[in-house]
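The values are calculated or read from the model by the stated rules, or taken from the named source; none is laboratory data. Predicted model only: the values in this text are computed from it and were never measured. Every residue, glycine among them, receives a Cβ derived from its backbone with ideal geometry; neighbour counts consider all protein chains shown. For the accessible areas, the whole protein counts, side chains as well, though only heavy atoms, and no ligand, DNA or RNA atoms are used. Shrake-Rupley method; radii C 1.70, N 1.55, O 1.52, S 1.80 Å.
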Amino acid sequence: MATNELKVSLPCDCGGTVVAGAKDAGGTITCGCGRAVAVPKLSQLRTLAGADAFITNPVEAIRKQQAQGISPAGETCVLCGSLSPVIYKCHAICEWSYAKRTSSDDTGNLIKLLVLPRLWLLASLLSGKEPDESDRRGHDVSISFDLPVCDPCAATAGKITRPSVAKRLMIRVPLYKELLKHYPKLELKVERP
């Protein structure tokens, strides 16, 4: 559940309720009766809504399961449920930082603007200047995960190492489907072991 979709009904002393969203966390909402209703902090609101207190996107949810030794895709083929799948290794770049042009270094910034955003660090090194974090905007978000597909299913599905094919198969795993929905411009690299 995305934080902007978070809606929780909170009781008022008058017997009525108020609806609180993520933007209201830690503040108060005025009930129709005029009383101020205290809104819990965001982590508590998320728990009241039935969500994990600190998981706000699919990357965090995948990492949490991996830390618990759980593969979000399970141990069987995502298509047929075969117990002997090939485990494809997927590496997804979900978001990436980029360089913002400033007037202090025209040559370095020209190089940064001409090179793909993910190569910003390389461009900074080629320009002879140390990377300046104040020039960076956004942040890098990437995740690696397994996609189990048996050989017979792979033969009918297409070349699994092609991102478009792997994305079609990822939709069969709820958490991966959410990942694709949350990051529609996700860049994917898939390796067969």
Label-zone membership for segment 153-193, site S142, 7 angstrom Cα→C-beta point, backbone N under 13 Å: 187-190
Amide H within-cut-off set for Y88, under 5 Å, with H built and near neighbours excluded: L147, V149
Karplus (6.51, -1.76, 1.60) ³J(HN,Hα), θ = phi - 60°, over segment 70-87, in Hz, Gly and Pro reported as x: 10, 8, x, 8, x, 10, 10, 4, 5, 9, 10, x, 4, 7, 10, x, 8, 8
Backbone HN-Hα couplings from phi across segment 88-93 [Karplus 6.51/-1.76/1.60, Hz, Gly and Pro as x]: 7, 9, 10, 10, 10, 9
Accessible area (Å², 1.4 Å probe, nearest 10) - I93: 60 Å²
Distance violations [Cα-Cα > 18 Å] among K89/K177; K64/K159; K7/K41; K89/K159; K89/K167: K64/K159
